[in-house]
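K.L.:
Below is the structure I would like to discuss, written out as structure tokens.
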Amino acid sequence: MSKLTLVIGNKNYSSWSLRVWLTLKQAGLEFFEIRIPLDKTTSHKDIRQYSPSGRVPVLIDDDLTIWESLAICEYIAENFAPDLWPKDRKARAVARSVSHEMHANFLNLRYQMPMDCRSRYPGEGMKPEVQADIDRVCTIWRECRQKYGQNGDLLFGQFSIADAMFAPVVSRFVTYDVKLGEIEQAYADAIWALPNIHEWVEAAALESEHLYRLPH
């Protein structure tokens, strides 16, 4: 049996760490967790002990190191939990498409509404370019739920990597009190209600680091 170690950043702030951590948790896999706060003068040096890119998260499986979030999620699905992707070929292709879109885009949303699980900034960070990102996220959620989500409450019914990719967006929408349509809000509520999300948010609330400026 593989011995898995996951290196993450601050739980309050590290959206990419949340994606991989949640994937492992939802897959029911045991792993050892190393948390490296991102606000220290030694943070980059400390991370480089594990990650050739100097970034988190990093998954270590015995003598193998995987240091990119979506690659880690794919590795988990391929080697431990194939149900992390939908079984249906078309649904699986769409799930991968929206996961990669989340991975590569939505820069305005990321910058103006950084993840901050323990804080509440209602209405902050809302600009036209951010609203455009929010609208696209809502379209993805609505279309996935309507076309592929009949057998559960999540994007493709049951939990998938696509849900892990969008979980930090749900956190942002809670923090900044983003108003959503009925379908999108029901999906956000379903993600926010996951026991593993509760565990992450409760741990984030206990952290003492403060990294971000207030949104503007």
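K.L.:
Run the accessible area of the chain with a 1.4 Å probe and give the carbon-and-sulfur part as a rounded percent.
P.N.:
Summing carbon and sulfur atoms, their accessible area is 51 percent of the total for the chain.
K.L.:
Taking the Cα centroid of the stretch 23-65 and of the stretch 102-164, what is the distance between the two, rounded to the nearest whole Å?
P.N.:
Between the Cα centre of the stretch 23-65 and that of the stretch 102-164, the gap is 25 Å.
K.L.:
Assuming R0 = 22 Å, can you tell me the calculated FRET efficiency for the pair LYS3 and SER53, based on Cβ-Cβ distance, to the nearest 0.05?
P.N.:
Efficiency, rounded to the nearest 0.05: 0.50.
K.L.:
Now, a different point. Shape of the chain from its Cα gyration tensor (a ≥ b ≥ c, root eigenvalues): rounded if a/c is under 1.5, otherwise prolate when a/b > b/c, or oblate?
P.N.:
Oblate.
K.L.:
Please find the FRET efficiency linking LEU64 to ARG35, where r is the Cβ-Cβ separation and R0 is fixed at 30 Å, and quote it to the nearest 0.05.
P.N.:
0.90
K.L.:
Going by the alpha-carbon gyration tensor, a ≥ b ≥ c the square roots of its eigenvalues, is the stretch 4-82 rounded (a/c under 1.5) or, if a/c is not under 1.5, prolate (a/b greater than b/c) versus oblate?
P.N.:
Note, shape of the stretch 4-82 comes out prolate.
K.L.:
Okay, moving on. Under 10 Å, Cα contacts only: if you run a Gaussian network model on the chain, which one of SER53, SER15, SER69 comes out with the highest mean-square fluctuation?
P.N.:
Among SER53, SER15, SER69, the largest GNM mean-square fluctuation belongs to SER53.
K.L.:
Next question. Would you mind checking which residues have amide H under 5 Å from VAL56's amide H? H placed 1.01 Å from N; only 5 or more apart, or other chain.
P.N.:
none
K.L.:
So which GluC sites (Glu not before Pro) in the stretch 1-86 pass both tests, a DSSP loop state and at most 11 other Cβ atoms within 10 Å of the Cβ?
P.N.:
On the way: sites: GLU30, GLU33, GLU68, GLU74, GLU78; in loops: GLU30, GLU68.
Here the sparse-neighbourhood loop sites are GLU30.
K.L.:
Same structure, new question: Note the full-extension length gain between ASP135 and ALA186 as 0.36 nm times their separation in residues minus their Cα-Cα distance, in nm to one decimal. It would help to have the intermediate numbers written out before the result.
P.N.:
Values: separation 51, 0.36 × 51 = 18.36 nm, distance 1.59 nm.
16.8 nm is the gain from fully extending ASP135 to ALA186.
K.L.:
May I pose another question? If amide H atoms are built 1.01 Å from N in the plane of the peptide, which residues on other chains or at least 5 residues away come under 5 Å of the amide H of ILE36?
P.N.:
ILE8, GLY9
K.L.:
Here's another thing I want to ask about it. Taking 20 Å as the cut-off for C-alpha to C-alpha distance, list the pairs among LYS90/LYS147; LYS127/LYS179; LYS87/LYS147; LYS3/LYS87 that go past it.
P.N.:
Values: LYS90/LYS147 11 Å; LYS127/LYS179 14 Å; LYS87/LYS147 14 Å; LYS3/LYS87 27 Å.
Violating the 20 Å Cα-Cα cut-off are LYS3/LYS87.
K.L.:
With the crude spin-label approximation of a point 7 Å out along Cα→Cβ, what separation in nm comes out for LEU206 versus TYR111?
P.N.:
Placing both labels 7 Å beyond Cα along the Cβ direction yields 3.6 nm.
K.L.:
Right, something else. Write down the accessible area per residue of the chain in Å², having rolled a 1.4 Å probe over the full set of protein chains.
P.N.:
Value for the chain: 48 Å² per residue.
K.L.:
Follow-up. Just want to confirm a number: the relative contact order over the chain, from Cα pairs under 8 angstrom separated by 6+ residues, in percent.
P.N.:
25 percent
The values are calculated or read from the model by the stated rules, or taken from the named source; none is laboratory data. Bear in mind that the values here come from a model prediction, so they are computed numbers and not experimental data. Cβ atoms come from the backbone with ideal geometry, glycine included; neighbour counts cover every protein chain shown. SASA here: full protein model, heavy atoms, side chains in, ligands and nucleic acids out. Shrake-Rupley method; radii C 1.70, N 1.55, O 1.52, S 1.80 Å.
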